[in-house]
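Single-structure report; data block below.
The values are calculated or read from the model by the stated rules, or taken from the named source; none is laboratory data. Note that the structure is a prediction, hence the values are computed from the model and not measured. FYI the Cβ positions are ideal-geometry reconstructions off the backbone, even for glycines, and counts take in every protein chain you see. Only protein heavy atoms, including side chains, enter the accessible area calculation; ligands, DNA and RNA are left aside. Shrake-Rupley method; radii C 1.70, N 1.55, O 1.52, S 1.80 Å.
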Amino acid sequence: MKILVTGTAGFIGHNLAKKLLERGDEVIGLDNINDYYDVNLKYGRLADLGIKREDIKEGQFATSSTYPQHKFIKLDLADRENMAKLFEEEKFDAVCNLAAQAGVRYSLENPNAYIDSNVVGFMNILEGCRHTGVKNLSFASSSSVYGLNKSQPFRTSDHTDHPVSLYAATKKSNEMMAHTYAHLYSIHATGLRFFTVYGPWGRPDMAPMLFTDAILNDRPIKVFNHGNMSRDFTYIDDITEGVIKVIDHQAEVDPAWDAKNPDPGRSSAPYRIYNIGNNEPVRLMDFIQALETKLGKEAQKNFMEMQPGDVQSTYADVSDLIADMDYKPDTSIQEGVSRFVDWYREFYQK
């Protein structure tokens, strides 16, 4: 299968591309390698896929030295002309869109970046699929779309009309845009709501990396909402295993869908939404303790108020994923944290 994976210099995109390549798929990777966080980490991920930094040129393909069936192109999703050209020339069998401007808090500082990448960019993905006959589309959404919803665990049948960050609003818009294209053009579209992904090659703006760096360097960590928070931490390998299952089992029409009592996660169009989470929320203080245990060092903690745009807890109902894909993430927080810290020490030589 020839698959376009966007965001391959990113955390999830890198891991997904590697697993697809290892099983023999042809992967075209795409990323704009922006400087939202340390680009050296992004180039490190690409190097892990056999893409040499010196070979990367804007708008041109670089070929992997490790995987002969892998090419990478540095390109911005919002570049409509060159995105259309890429789709027309490459003729993909499937597309997995993981590229996005990430981060809830950063959306307060630079909202335009989220519209350009997450809305305009996603529109170019949909148009590329439409005009070149790509019927198999999967894309990253986020648990943040649940917003003010206090009913837990979060179910895909819940309505998600009250986001509390622009990032969440752009992800909600992706789901609605994808449904429209599924309805109008029979694109089999599946949205994946990821729950607090962590593990090796993770993002430096997220808690595991921030906390680990601070603890090792004797700096205090910021503990928001005075530690009264919980997250459905989901290990990276569990996330990518779920994504691959979705790629291999594209969305279909739900014959039981009732327009008089509509389920937001299903449709009379070939459209589906899944949660991918561990289905086992972890208290923030327990997560910190797992890091402390692995690092053999206690964290200095600054307890702070809740940040704007944050939610107190996340908890994924994954019953649909189990029913349709016979799959449930199950890596424990202790095992996942241990693997992450081992990678961190090796990569940063600490």
TODO: Grab the helices (runs of 4 or more DSSP H) fully contained in the range 67-153, keeping just those with 2 or more residues being farther than 27 Å from Y315 by Cα, hydrophobic (A, V, I, L, M, F, W, C) and at pLDDT 95 or above.
DONE: 80-90, 121-132
TODO: Just need a number here: residues in the range 121-152 that are open to solvent by 20 Å² or more (accessible area, probe 1.4 Å) and either among the aromatic types (F, W, Y) or farther than 26 Å from S186 by Cβ (or both).
DONE: 6
Open item on the list: Regarding the range 287-310, can at least one residue be identified that is open to solvent by less than 70 Å² (accessible area, probe 1.4 Å) and under 27 Å from C96 (Cβ atoms)?
Closed with: yes
- [ ] Being of a type in the set (D, E, K, R) and in contact (Cβ under 8 Å) with a residue 40 or more places away in the chain is the filter; apply it to the range 47-88 and report the residue that is surrounded by the most Cβ atoms within 10 Å (Cβ to Cβ).
- [x] D76
Task: Of all residues in the range 311-335 being closer than 23 Å to P163 by Cα and touching a strand residue (DSSP E or B) at 6+ places or on another chain (Cβ under 8 Å), the one that is surrounded by the fewest Cβ atoms within 10 Å (Cβ to Cβ) - done: Q312
Task: For I215: the one exception among (1) modelled with pLDDT of 95 or more; (2) in contact with a helix residue (DSSP H, G or I) (Cβ under 8 Å, 6 or more places away or on another chain); (3) open to solvent by 10 Å² or more (accessible area, probe 1.4 Å); (4) farther than 23 Å from N275 by Cβ - done: (3)
Open item on the list: Quick test of your reading of the structure: R231 fulfils all but one of (1) in contact with an Asp or Glu (Cβ under 8 Å, 6 or more places away or on another chain); (2) more than 17 Å from S138 (Cβ to Cβ). Name the failing condition by number.
Closed with: (1)
- [ ] State whether the residues of the range 159-175 include one that is among the β-branched types (V, I, T), open to solvent by 20 Å² or more (accessible area, probe 1.4 Å) and at pLDDT 95 or above.
- [x] no
TODO: Determine whether the range 31-46 contains at least one residue that is open to solvent by 60 Å² or more (accessible area, probe 1.4 Å) and in a helix (DSSP H, G or I).
DONE: yes
Task: Criterion (more than 23 Å from W201 (Cβ to Cβ), modelled with pLDDT of 95 or more, in a strand (DSSP E or B) and touching a strand residue (DSSP E or B) at 6+ places or on another chain (Cβ under 9 Å)) met by exactly one of R272, R266 - done: R272
Task: Candidates T160, T190, T170, T212, filtered to the one that is part of a helix (DSSP H, G or I) and under 30 Å from D254 (Cα atoms) - done: T170
